[in-house]
Amino acid sequence: MSTGLRRRMGVEERRQQLIGVALDLFSRRSPDDVSIDEIATAAGISRPLVYHYFPGKHSLYEAALKRAAEDLAGRFAEPHEGPLGARLLRVMRRFFDFVDEHGPGFSALMRGGPAVGSSATNALIDSVRQAAYDQILAHLGVAEAPPRLELVVRSWISLTESTALIWLDGRRVPRAELERQLVHDFAALAAVSAAYDEEMGAILRGMLREEPADGPLGELVSRLIALAS
């Protein structure tokens with residue numbers, strides 16, 4: 001039988017609840033537009049109690065961003081089995097799942113928000129990019145990237161970010177098409193680089209060696225051949 005008494009949360013449990021509430025609000029509106037009062041109301045506590053756990057919205061935003069960054073970085077993890085094109089496509093689907101779920105917060109982070117520019121925030125953003133970079137190298141079976149491969153992978157990560165931001169502004173291109181196009185973009189960047197560098201040529205041949213004709217990279221090759229004929 002319920003006594004009607006609300007269980008009192010511990011300090012860490014309450015902090016995690018507030019981070020979750022803030023993330024939910026930031027996913028629906030820009031963090032600049034979300035007040036501490038709204039966070040307190042959504043959490044079912046008073047405004048002063050929010051400040052008991054976090055000095056202000058800036059610190060709460062950084063804590064929420066840390067959780068989101070860990071989530072986003074984890075979406076680049078993928079078993080190293082099967083054709084590379086299919087693996088990259090699954091990664092892009094999970095990446096756009098995140099962008100879809102956290103649209104305003106993702107946009108505010110990349111374009112400028114309440115905690116953007118701080119050393120802690122910049123470090124978190126860089127950690128996500130580095131996690132993506134390390135995952136791609138692992139999929140390619142490369143322990144240390146030669147200069148041209150590093151340019152390709154880091155350029156593709158930047159392209160993926162900017163594509164997601166443009167897509168969020170109206171969603172005028174079907175999401176599934178963009179996910180596939182970004183996989184093709186990676187292969188295209190690698191192919192252009194391979195035209196200038198034999199080491200990149202070997203990496204590209206390895207990418208395509210086990211790619212089925214109906215896979216994302218095989219499809220790109222077919223499309224390019226059709227365009228050239």
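Of the residues in the range 78-94, none is within 19 Å of residue 28 (Cβ to Cβ), surrounded by fewer than 16 Cβ atoms within 10 Å (Cβ to Cβ) and either among the aromatic types (Phe, Trp, Tyr) or in contact (Cβ under 8 Å) with a residue 24 or more places away in the chain (or both). Candidates in the range 163-208 are the residues that are open to solvent by less than 50 Å² (accessible area, probe 1.4 Å) and among the polar types (S, T, N, Q); of these, the one that is farthest from residue 95 (Cα to Cα) is 193.
Answer with yes or no whether residue 67 is closer than 30 Å to residue 204 by Cβ, outside any loop (DSSP other than H, G, I, E, B) and open to solvent by 10 Å² or more (accessible area, probe 1.4 Å). Write out each step before concluding.
Details: closer than 30 Å to residue 204 by Cβ: no; outside any loop (DSSP other than H, G, I, E, B): yes; open to solvent by 10 Å² or more (accessible area, probe 1.4 Å): yes.
No; evaluated as a whole, the condition is false for this residue.
Based on what the data block shows, is residue 82 under 30 Å from residue 180 (Cα atoms), among the small types (Gly, Ala, Ser), over 19 Å from the mean Cα position of the chain (by Cα) and modelled with pLDDT of 90 or more? Write out each step before concluding.
Working: under 30 Å from residue 180 (Cα atoms): yes; among the small types (Gly, Ala, Ser): yes; over 19 Å from the mean Cα position of the chain (by Cα): yes; modelled with pLDDT of 90 or more: yes.
Yes.
Of 136, 125, all but one fail to be out of contact with any Phe, Trp or Tyr (no Cβ under 9 Å at 6 or more places or on another chain) and closer than 22 Å to residue 75 by Cα; the exception is 125.
Scanning the range 40-79 for residues that are touching a Pro at 6+ places or on another chain (Cβ under 8 Å) and at pLDDT 90 or above returns no hits.
The values are calculated or read from the model by the stated rules, or taken from the named source; none is laboratory data. From a predicted model like this one, the values you see are computed outputs, not experimental measurements. Cβ coordinates were reconstructed from backbone atoms using ideal geometry, including for glycine residues, and neighbour counts include every protein chain displayed. When the accessible area is computed, the model is the full protein with side chains, heavy atoms only, and any ligands, DNA or RNA have been set aside. Shrake-Rupley method; radii C 1.70, N 1.55, O 1.52, S 1.80 Å.
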